[in-house]
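Report on the structure given below.
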Amino acid sequence: MYHLDEIRKDFPILQRTIYNKPLVYLDNAATTQKPLCVTNAISEMYNTLNANVHRGVHFLSQRATDLHEAARERVRSFINARSAAEIIFTRGTTEGINLVASSFGEAFLSEGDEVIVSTMEHHSNIVPWQLLRDRKGIVLKVIPIDDAGNLDMDGYEALFTQRTKLVSVAHVSNVLGTINPVKRLAEIAHAHGAKILVDGAQSTPHFAVDVQDMDCDFFAFSGHKVYGPTGIGVLYGKESLLDSMPPYHGGGEMIARVTFEHTTYERLPFKFEAGTPNYVGTHALATALDYVSVLGMDVISAHERELTAYAMEQLRSLPGIKFFGESAEKDAVVAFNIADIHPLDLGTLLDRLGIAIRTGHHCAQPLMQRYGVESMARASFALYNTKAEVDAFVAALDRVRKMF
Ligand code: 7TS
């Protein structure tokens, strides 16, 4: 059973008010709120176990190292990777994608080689490839989408040539909520001899992910979107592929032996983890993954799907509403505009009523261009949101709409 009242007690921030109104937090795609177990894990780590990892023989360093490496194993099982050597800790999705662009790009891409992304990508899955284009002269190709927000699969397949080396796509769009058919995308990429990176920033918080089943070559996600802390994320890569790639950053932790003439590198995953890792973050992330796993990803997913469908249904009754993203495969994100009201005005007025939504281009300007708008309003749901909150949101929206 899913006891929302109990679950909400785990998130202290949900008890607070904004302008004397109960907080209705619907900006979960930007970042999720943190359960007490996660914030406790952080303070406990600093208060009782803090020491740098992988270098001390002393008790605290060894204990901190154990927790850090246990967190890696926890992440491995969460996304069902084959080996913990395939789990690289990063600062977040953005760093993971930049790592691949830099390192895979260095090893395997040369002038004229092609990388495929999609129209619905977040800027963090566009700009790293453009930087690589500036450095190396690669070609960036874009999968078109239909009006409902589905990838055009024929258009996708038509993009491949002999020069296509990598596909990099979002698992779930942070604007449209579309759940992309990543397993099929991977099959097609592999049939053309290309690798595939899946941006899991918006999938890991919402449903169970299995990197072996989807057969992606890389998978990136952010801890802070899945109830963990900021500043920690994960890049998964297939071991043989990671092995064949050069380091991303140089420094401590990533070396085997250094002389002024020559340096050899550590084995995976340390080769890609230069410098003191965010071992407090990894432990807190593992705690967050435990939290959602105990609730059950399937149960979370069912709750959020129901809430999203309910929100769409309620919103549909408002005159002048226009949705962006109406795929049959849709996750916990609802992007919309209403009549001629500027989303910024909408967001500001809703905020005064205690309701937090996101407005703007959502770091997906090419997607805004696809729909011919500058900005959208977006409500996004998490495991702790309730139907009563959706009702409050819809009522507030109706009130604001009538003011214009
Ligand atoms: N990819 C997708 C699909 C995202 O939604 C985001 C963040 C990122 C990558 C980048 O993640 P980061 O943790 O490295 O910053 N998306 C959003 C959003 O929708 N609103 O704020 C951040």
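Figure legend. Inter-residue proximity from the stretch 193-222: first residues assigned to a loop (DSSP other than H, G, I, E, B), second residues among the polar types (S, T, N, Q) and away from the ligand (no atom under 14 Å from the Cβ), beta-carbon distance below 8 Å, spacing 6+ or different chains. Indicated pairs: Gly193/Thr164; Ala194/Thr164; His206/Ser301; Phe207/Ser301; Ala208/Ser301; Val209/Asn80; Asp210/Asn80.
Which residue is farthest from Arg352 (Cα to Cα), if the candidates are limited to the stretch 8-38 and must be assigned to a helix (DSSP H, G or I) and out of contact with any Pro (no Cβ under 8 Å at 6 or more places or on another chain)? Among those that are assigned to a helix (DSSP H, G or I) and out of contact with any Pro (no Cβ under 8 Å at 6 or more places or on another chain), it is Cys37.
Applying the selection to the stretch 225-236, what residues are over 10 Å from Gly96 (Cα atoms) and more than 11 Å from the ligand (Cβ to nearest atom)? Lay out the reasoning, then the answer.
As a first pass, look at the stretch 225-236 and keep what is over 10 Å from Gly96 (Cα atoms): 225-232.
Correct list: Tyr227, Pro229.
Criterion applied to Gly105, Gly96, Gly137, Gly56 was being on the phi > 0 side of the Ramachandran plot and assigned by TED's automatic domain parsing to the domain that holds His206, and the one residue passing it is Gly137. For residues that are closer than 26 Å to Leu14 by Cβ and surrounded by fewer than 17 Cβ atoms within 10 Å (Cβ to Cβ), tally how many sit in the stretch 43-64. So the answer is 4.
Scanning the stretch 65-93 for residues that are over 30 Å from Lys9 (Cβ atoms) and hydrophobic (A, V, I, L, M, F, W, C) yields Ala81, Ala84, Ala85, Ile87, Ile88, Phe89.
Do we have any residue at all in the stretch 295-309 that's within 24 Å of the chain's Cα centre (by Cα) and farther than 14 Å from Leu383 by Cα? Show your work before the answer.
Quick first cut of the stretch 295-309, residues within 24 Å of the chain's Cα centre (by Cα) only: 295-309.
Subset that is farther than 14 Å from Leu383 by Cα: 309.
Yes, there is a match, as at least one residue in the stretch 295-309 is within 24 Å of the chain's Cα centre (by Cα) and farther than 14 Å from Leu383 by Cα.
One residue stands out in the stretch 104-118 among those that are buried (at least 21 other Cβ atoms within 10 Å of the Cβ) and in contact (Cβ under 8 Å) with a residue 40 or more places away in the chain: the one that is farthest from the ligand (Cβ to nearest atom), namely Leu109. Candidates in the stretch 84-99 are the residues that are under 15 Å from Pro246 (Cα atoms) and touching a Lys or Arg at 6+ places or on another chain (Cβ under 9 Å); of these, the one that is nearest to the ligand (Cβ to nearest atom) is Ile88. When residues in the stretch 14-50 are screened for being over 17 Å from Ala288 (Cα atoms), within 15 Å of the ligand (Cβ to nearest atom) and of a type in the set (Ser, Thr, Tyr), 1 of them pass.
The values are calculated or read from the model by the stated rules, or taken from the named source; none is laboratory data. Given the structure is predicted, the values throughout are model-derived calculations rather than measurements. Note that we place each Cβ from the backbone using ideal geometry, even for glycine, and neighbour counts take in every protein chain shown.
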